[in-house]
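The values are calculated or read from the model by the stated rules, or taken from the named source; none is laboratory data. Quick caveat, the model's predicted, so the values are computed rather than measured. Please note: Cβ atoms are built from the backbone with ideal geometry, for glycine as well, and neighbour counts cover all protein chains shown.
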Amino acid sequence: MAIIYSPNKSYNGETASVQFRNGVGETNNPYLINYLKQKGYTVEEKKDLVDNEIENLKKRAKELGVTFKNNISKEKLKERVEEAEKLLVPSKQEPVTQTEKIDTETDNTEEIDPFEDNNGDANDNQ
């Protein structure tokens, strides 16, 4: 399968029996692929797409510090990258700010006065 890009990015129609929508069509017919290339269309072979995906996965894996062998399958590499990315997802729990105090027994939060000490007694600055 190949993705064919029309020179006209907004082209909707049919050329050489290939249906285009917004300048993009698909075919697996080698004759049509060659014909459209000769007419100035850009062709991206499916193998190129798979190679690009693998290269992008390898790049992302390196960014995440994931180790792998060069002959790793695309599926296995994708699985490892997804596992590493899950570790990066921040917790859904909201962080505690400096002006909040959490009551762990009742799971309530309350505003605290910055001029109070840890026991809730006001500081005497006089």
Q. Could you give every pair whose Cβ atoms fall below 9 Å, whose first residue belongs to the range 30-44 and is among the acidic types (D, E), and whose second residue is part of a helix (DSSP H, G or I), counting only separations of at least 6 or pairs across chains?
A. E44/N52
(Q) Looking only at the range 78-94, filter to residues that are over 13 Å from L57 (Cβ atoms) and among the basic types (K, R); which one of those is modelled with the highest pLDDT? (A) K86
Q.
Which condition from (1) out of contact with any helix residue (DSSP H, G or I) (no Cβ under 9 Å at 6 or more places or on another chain); (2) closer than 30 Å to E85 by Cβ is the one that G65 breaks?
A. (1)
(Q) So, E44, is that one of a type in the set (D, E) and either in contact with a Gly (Cβ under 9 Å, 6 or more places away or on another chain) or part of a helix (DSSP H, G or I) (or both) or not? (A) no
